[in-house]
Amino acid sequence: MGKPNRVNQTAISDFLLLGFSERPEEQPLLFVTFLGMYLVTVMGNLLIILAIISDPHLHTPMYFFLANLSLTDACFTSTSIPKMLANMHTQSQSISSTGCFAQLYFLLTFGGLDNLLLAVMAYDRYVAVCLPLHYNTAMSPQFCAQMLGMCWVLTNCPALIHTLLMTRLAFCGHKAIPHFYCDPSALLKLACSDTRINELMIITVGLLFLTAPLMLIILSYVCISWAVFGISSPGGRWKAFSTCGSHITVVLLFYGSLMGVYLLPPSTHSAERESRAAILYMVIIPMLNPFIYSLRNKDMKEALGKLFGSWKTLFLPE
């Protein structure tokens, strides 16, 4: 079979995001549910950012990275959910090829940034627990800004390359994607040209944004555990571990949902299973993160209380 001609390569100008279209009777309920979850996600993460900015006591490396994680979560969710809601509202499944590739780029960028920020936050906790006397020097504002910049570069470059490689493929057959977002693996199955380079890129990106950050997180917590168990006082051990509790919870939820799908045998994969997992790590976990960090963190609860108090004074003066 020869390569598709130019006409066939440009025949598809849009794709179909099937999403939850197989359940038309549930569309109104799903729309209200996802709209509510999306609003809670965006508002919750923005509140975390505003609380950190407004409270000078939270101008530390840990909260600097938490603010960036909250921003990333809000952007990550905004990449796919608004389009899904728009399609539900209009009862349409269409997304332009340009819109699909743009969505793919931002999904890869913010998804990868989420992973790297979790790894950087683990390193921050390692320095705080294992090298407390050198914390201010090791985690200086300049170094934190450099690490954040490095995270952006390490996510943007592969995401851009992967997206550009995807635009070079010929899509001359079916155009239905069995998800509510432009999944790269699903797009490759629709291509009728050579996808070996793209598949290699997916493996490379997967190793970069999943394996490497996870290994760094595990190594950091192995060192933290070793240092904490060396503390003779039970109260000291609890105080050291309590600073890591929220981060550990988020890491377990995030990587647990990813591994629950992508490390299962191929025979157990299904579009419905992958869509549910995508909802978990693209919607539910970003929605839960603000609650995890605020309910388990005394400083964050105080900062949110001050923020709400200032708003009450501003809008409801006595």
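So for region 151-170 (the condition being touching a residue at least 40 places away in the same chain (Cβ under 8 Å) and either under 30 Å from residue 238 (Cα atoms) or not in a helix (DSSP H, G or I) (or both)), does at least one residue qualify? Yes, because at least one residue in region 151-170 is touching a residue at least 40 places away in the same chain (Cβ under 8 Å) and either under 30 Å from residue 238 (Cα atoms) or not in a helix (DSSP H, G or I) (or both). Where residues in region 57-115 are outside any helix (DSSP H, G or I) and free of Cβ contacts under 8 Å to residues at least 60 places away in the same chain, which of them is most open to solvent (accessible area, probe 1.4 Å)? Applying the filter and picking the extreme gives 59.
Does residue 198 count as in contact (Cβ under 8 Å) with a residue 40 or more places away in the chain and under 16 Å from residue 101 (Cβ atoms)? Spelling it out, it is not the case that residue 198 is in contact (Cβ under 8 Å) with a residue 40 or more places away in the chain and under 16 Å from residue 101 (Cβ atoms).
On the given criteria, is residue 133 modelled with pLDDT under 95, part of a helix (DSSP H, G or I), open to solvent by less than 30 Å² (accessible area, probe 1.4 Å) and out of contact with any Pro (no Cβ under 6 Å at 6 or more places or on another chain)? Break it down stepwise before answering.
Values: modelled with pLDDT under 95: yes; part of a helix (DSSP H, G or I): yes; open to solvent by less than 30 Å² (accessible area, probe 1.4 Å): no; out of contact with any Pro (no Cβ under 6 Å at 6 or more places or on another chain): yes.
When the stated conditions are applied, residue 133 does not pass them.
Being over 18 Å from the mean Cα position of the chain (by Cα) and open to solvent by less than 70 Å² (accessible area, probe 1.4 Å) is the filter here, so list the residues in region 186-203 that pass it. Walk me through how you get there before you give the answer.
Looking only at region 186-203, we keep the residues that are over 18 Å from the mean Cα position of the chain (by Cα), and these are 186-201, 203.
Answer for region 186-203, where residues must be over 18 Å from the mean Cα position of the chain (by Cα) and open to solvent by less than 70 Å² (accessible area, probe 1.4 Å): 186, 187, 188, 190, 191, 192, 193, 195, 198, 201.
Inside region 1-54, residues that are at pLDDT 90 or above, in contact with a Phe, Trp or Tyr (Cβ under 6 Å, 6 or more places away or on another chain) and not hydrophobic (A, V, I, L, M, F, W, C) make up a count of 0. Considering the conditions (1) touching a Pro at 6+ places or on another chain (Cβ under 9 Å); (2) buried (at least 18 other Cβ atoms within 10 Å of the Cβ); (3) farther than 19 Å from residue 147 by Cα; (4) of a type in the set (A, V, I, L, M), residue 51 is excluded by exactly one of them, (1). For region 22-31, a tally of residues being among the hydrophobic types (A, V, I, L, M, F, W, C) and surrounded by 12 or more Cβ atoms within 10 Å (Cβ to Cβ) returns 2. Looking only at region 235-255, residues that are modelled with pLDDT of 70 or more, open to solvent by less than 40 Å² (accessible area, probe 1.4 Å) and of a type outside the set (Phe, Trp, Tyr) come to 6 in all.
Tell me the residue from 150, 139 that is of a type outside the set (D, E, K, R) and open to solvent by less than 80 Å² (accessible area, probe 1.4 Å), please.
Values: 150 fails: open to solvent by less than 80 Å² (accessible area, probe 1.4 Å).
When all the criteria are applied, what remains is 139.
Do we have any residue at all in region 208-227 that's of a type in the set (Phe, Trp, Tyr), over 26 Å from the mean Cα position of the chain (by Cα) and either buried (at least 16 other Cβ atoms within 10 Å of the Cβ) or closer than 26 Å to residue 277 by Cα (or both)? First the steps, then the outcome.
Step one: of region 208-227, the residues of a type in the set (Phe, Trp, Tyr) are 209, 221, 226.
Then keep just the ones that are over 26 Å from the mean Cα position of the chain (by Cα); that gives 226.
Then keep just the ones that are either buried (at least 16 other Cβ atoms within 10 Å of the Cβ) or closer than 26 Å to residue 277 by Cα (or both); that gives none.
For region 208-227, residues of a type in the set (Phe, Trp, Tyr), over 26 Å from the mean Cα position of the chain (by Cα) and either buried (at least 16 other Cβ atoms within 10 Å of the Cβ) or closer than 26 Å to residue 277 by Cα (or both): absent.
In summary, residue 144 fulfils each of the numbered conditions (1) modelled with pLDDT under 90; (2) within 25 Å of the chain's Cα centre (by Cα); (3) within 26 Å of residue 75 (Cβ to Cβ) with the single exception of condition (1).
Here residue 51 clears all of (1) within 16 Å of the chain's Cα centre (by Cα); (2) among the small types (Gly, Ala, Ser); (3) within 30 Å of residue 224 (Cβ to Cβ) except the condition numbered (1).
The values are calculated or read from the model by the stated rules, or taken from the named source; none is laboratory data. These numbers come from a predicted model, not from an experiment. Note: ideal-geometry Cβ built from the backbone for every residue, glycine included; neighbour counts use all protein chains shown. Please note that ligands, DNA and RNA were not included when accessible areas were found on the heavy atoms of the full protein model with its side chains. Shrake-Rupley method; radii C 1.70, N 1.55, O 1.52, S 1.80 Å.
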